[in-house]
Each structure stands twice: as C-alpha cells, then as structure tokens.
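For reference, the structure discussed in these notes is given below.
What follows is calculated from the coordinates using simple rules that are stated; it is not laboratory data. Note that the structure is predicted; figures quoted are calculated from it, not measured. Reconstructed Cβ throughout: ideal geometry from the backbone, glycine too, with neighbour counts over all protein chains shown.
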Amino acid sequence: MYEIRLHSRGGQGGVTAAKMIAHAAILDGKYATASPFYGAERRGAAVVSFIRIDDAPIRIYSQIRNPDLVIVLDASVMETVDVLQGIKPGGTVLINSPHPVDMQGHAVSYVDLTAIALSLGLVIAGSPILNTPLVGAMAKLGLVSVESARLAIREAFGDERNVQAAEKAYEELKA
C-alpha cells in the first residue's frame, strides 16, 4: 500500500486534490481512499489530507502516520507542523516551490504550483487553487496515469484551464 500525507492550508484545494488523486487511481483500476483531517478551521488554517493507493482493497480508514510521500502545498505550514514526522525511510517529499528545498536528506520533488495556478487565472477569493496542478504532478510521479488524471479533473471541474494546469505541472515537476 502506498500512503500519502498532504499538508495544505484551507482554501488551497488540498482536500479536493486528495479526492481527485484517489479518484484517478480508481480510474486506473487501483483501490484508493482519501480523507481529510481538520476541525472547525477557516480559510488559511493548516489542513492535512490522507491518500492510500493499493492493488488490493483498503480496509484502513485512519490518519497516516508513516507516509511514503509527503506533499507540502504551502511551505509556511512547516513553521508550525513537522511535515516529516513519521515519513518512511526512503520516503519522498513533493513541495510547492520554484526551487529545491532541503528536507533533511529525503528525496525532494518540486514544482511551482502557485505560479502555474496564477498563470492560468485559477484563483478563488484571492488564493491560487493548487489542486488540479497537483494532480498533474502526481501523474508525473507515476502514482496515477495522465489519462486518469485528466478524466478525474474534468469530472470535478468543467473549466479546461484545470487540465492545462495539470499538464503544465506534469511538464515542470523536477524530481
């Protein structure tokens, strides 16, 4: 089972991204779950989402304490949350950043999801929406297929700019 913990802020689309990633994995013939963890947060508060992907049915519906992959949509979350807590040896970090970030010896992939969203006008209430470009980055990492990523995005959003954002993140991800 491949386990992912996604750190974001309310309003960035992290919870929706987790759902789309799980849906894309299901479209690929895998089993997947997505679940958020938050309280009465508001826009801008730290939010954690969890995604599990496997070839067999998943019967675990809990927080992920030892992820294979940690995703950080907003680097400022790292000021208050230890995003690396429990990451498996050899685990990977995917961070929304225009440049590589030192993550204490863990493999790092990075892409500027914010710039991609802004370049396509994917903004709600002044905040760039990072969910659809993130789905494209997940396809580049090989966790879902490009075709399933596109379909999951199109099923969630009618605006084709979302698919363009995913394709751009796929092209720009540095691993």
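Tabulated data for the structure shown
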read-out	value
Extended-chain gain in nm, criterion 0.36 nm per residue less alpha-carbon gap, residue 174 and residue 54	40.7 nm
Computed magnitude of the charge dipole of the chain (debye, nearest 20; Cβ of K, R +1, Cβ of D, E -1)	320
Residue exposure sequence - 30, 168 - by fewest surrounding Cβ within 10 Å	30, 168
Residues 106, 99, sorted so that the one with the fewest Cβ neighbours within 10 Å comes first	99, 106
Reachable lysines, given that their alpha-carbon falls under 24 Å from the alpha-carbon of residue 174 and they are not under 8 places away in the same chain	19, 88, 140
Top of 58, 87, 153 by mean-square fluctuation, Gaussian network on the chain, Cα under 10 Å	58
Environment charge at residue 34 (Cβ cut-off 14 Å; Lys +1, Arg +1, Asp -1, Glu -1)	+2
Highest-MSF residue in the chain out of 116, 21, 124 [GNM, Cα springs under 10 Å]	124
Sparsely packed GluC sites (Glu not before Pro) within the range 124-175, loop by DSSP, other Cβ within 10 Å at most 14	160
Top of 89, 98, 133 by mean-square fluctuation, Gaussian network on the chain, Cα under 10 Å	89
Surrounding net charge for residue 61, when Lys and Arg each add one and Asp and Glu each subtract one, Cβ distance under 15 Å	+3
Gyration tensor verdict on the range 2-172 (Cα atoms; rounded if a/c is under 1.5, prolate if a/b is larger than b/c, oblate otherwise)	rounded
Within the chain, helix-based [θ] at 222 nm, where runs of 4 or more DSSP H residues each add -39,500 (n - 2.57), nearest 500	-9500 deg cm²/dmol
Share antiparallel - DSSP beta bridges, the range 61-175, percent rounded to 5	25
Hits among aspartates and glutamates - C-alpha to C-alpha of residue 168 under 14 Å, sequence gap 8 or more where chains match	112, 160
